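Peer 1: This is the structure I want to talk about, given as structure tokens.
Rule-based calculations on the coordinates, nothing more; no lab input. All values reported here derive from a predicted model rather than from experimental measurement. Every residue, glycine as well, gets a Cβ built from its backbone with ideal geometry; the counts of neighbours run over all protein chains shown.
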Amino acid sequence: MASPAASEVYIIDASDRYHAVEALWHEIGPPSLEGEEVAVKANFNSDDPFPATTHPATLEAIFGQVLDAGARRVWLGERSGMGETRAVLMNRGAIGIAERAGAEVVALDGLPREGWETVPSDGLHWKRGFLIARLFREAGAVVQTCCLKTHRFGGHVSLSLKNLVGVVAKKDPRGGYNYMAELHTSPHQRRMIAR
């Protein structure tokens, strides 16, 4: 039996978050973003302050690194699970940070049906499949940062996986089907998050 592949782990002093993100970015050496359209997924699931949401200095540093890497267009795409997304982003300072960086803010819960792409249920535990924001499917690169916390529903820690559930529609704009109600009541919740 083959040994599992080893993962690289980086530990960076976070007393200066901007410097920490910059140091990590240079350490991992991400591919060039020259001319790319980049979607950033932070963690603004609620209106609670850091550590429940992305620290403002971390978000600012991520935008800085993405732009310094040559991105021609940057979006902050977010869907809050608790609260109205645009209000959460405003209250947490994310809109101001994005504007100062020249990034566009997209509150995903306000997207029309055309802003979503259907992922079929084939082989998944999602009964109807789910809708994912086209912004994240069509971007040349996606950069995400998560907050390490347990889930209110399910109680498990999934590290960065649960954060990307924020690019899935809460409800279908056409029929109103509630994907998050399905997720949070399913005995397969962890598998649904992972896929």
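Peer 1: For the chain, calculate the relative contact order in percent as a whole number, restricting contacts to Cα pairs under 8 Å that are 6 or more residues apart.
Peer 2: 21 percent.
Peer 1: Once amide H atoms are placed 1.01 Å from N in the peptide plane, what residues at a sequence separation of 5 or more from Val40, or on another chain, have their amide H within under 5 Å of its amide H?
Peer 2: Trp75, Leu76, Gly77, Val143
Peer 1: Roughly what would the spin-label model give for Tyr10 and Asn91, points 7 Å off Cα along C-beta, in nm?
Peer 2: The answer from the label model is 3.3 nm.
Peer 1: Then there is this: Show me, for the range 99-111, the HN-Hα J-couplings you get by feeding each phi into the Karplus relation (A = 6.51, B = -1.76, C = 1.60, θ = phi - 60°), rounded to Hz, glycine and proline as x.
Peer 2: Calculated HN-Hα couplings, in order: 4, 5, 7, x, 8, 8, 9, 10, 7, 4, 5, x, 5 Hz.
Peer 1: Obtain the radius of gyration and the Kirkwood radius of the chain from its C-alpha atoms and give Rg over Rh.
Peer 2: Values: Rg = 17.0 Å, Rh = 17.7 Å.
Ratio of gyration radius to Kirkwood radius for the chain: 0.96.
Peer 1: To the nearest 20 Debye, how big is the dipole of the chain about its Cα centre, given +1 on the beta carbon of each Lys and Arg and -1 on that of each Asp and Glu? Walk me through the numbers before you get to the answer.
Peer 2: Working: 22 positive and 23 negative charges, 203 e Å.
Here the chain has a charge dipole of around 980 debye.
Peer 1: Give me the net charge for the shell around Glu182: Cβ to Cβ below 9 angstrom, other residues only, Lys and Arg +1, Asp and Glu -1. Don't jump to the answer; show the numbers that get you there.
Peer 2: On the way: positive: Lys127, Arg128; negative: none.
Every neighbour counted, the sum reads +2.
Peer 1: Would you calculate a helix-derived [θ] at 222 nm for the chain, using -39,500 (n - 2.57) for each DSSP H run of n ≥ 4 and dividing by the full residue count, to the nearest 500? Let's see the in-between values first.
Peer 2: Working: 7 runs with 58 residues, N = 195.
Calculated from helices alone, the mean residue ellipticity at 222 nm is -8000 deg cm²/dmol.
Peer 1: List the residues whose amide H sits under 5 Å from the amide H of Tyr177, counting only those 5 or more places along or on another chain, with H placed 1.01 Å from N in the peptide plane.
Peer 2: Residues meeting the amide H criterion: Asp172.
Peer 1: On to the next question. Give me the net charge for the shell around Cys146: Cβ to Cβ below 13 angstrom, other residues only, Lys and Arg +1, Asp and Glu -1. Provide the component values of the computation, followed by the final result.
Peer 2: Details: positive: Lys41, Lys149, Lys162; negative: Glu78.
Here the charged neighbours net out to +2.
Peer 1: Related question: What number do you get for the range 46-140 when its Cα radius of gyration is normalised by 2.2 N^0.38 Å, N = residues? Mind dumping the intermediate values first?
Peer 2: Numbers: Rg = 14.9 Å, N = 95, 2.2 N^0.38 = 12.4 Å.
Dividing the Cα radius of gyration by 2.2 N^0.38 Å gives 1.20.
Peer 1: Then there's this: With both bridge residues required to lie in the range 35-192, what share of the DSSP beta bridges run antiparallel, to the nearest 5%? Please report the intermediate quantities before stating the final value.
Peer 2: On the way: 6 of 19 bridges.
Of the beta bridges lying entirely in the range 35-192, close to 30 percent run antiparallel.
Peer 1: What does the charge count around Gly93 come to, taking other residues whose C-beta lies under 14 Å from its C-beta (Lys +1, Arg +1, Asp -1, Glu -1)? Let's see the in-between values first.
Peer 2: On the way: positive: Arg17, Arg86, Arg92, Arg100; negative: Asp47, Asp48, Glu60, Glu78, Glu99.
Overall, the nearby charge balance is -1.
Peer 1: I need the calculated FRET efficiency for the pair Arg190 and Ser32, taking r as the beta carbon distance and R₀ as 35 Å, to the nearest 0.05. Spell out each step's value before the answer.
Peer 2: Values: r = 35 Å, r/R0 = 1.00.
Taking R0 as 35 Å, the efficiency between Arg190 and Ser32 is 0.50.
Peer 1: Could you give me the ³J(HN,Hα) list for the range 73-90, computed from phi with Karplus coefficients 6.51, -1.76, 1.60 and θ = phi - 60°, whole Hz, x at Gly and Pro?
Peer 2: Calculated HN-Hα couplings, in order: 8, 9, 10, 9, x, 8, 9, 6, x, 10, x, 7, 4, 4, 5, 4, 4, 5 Hz.
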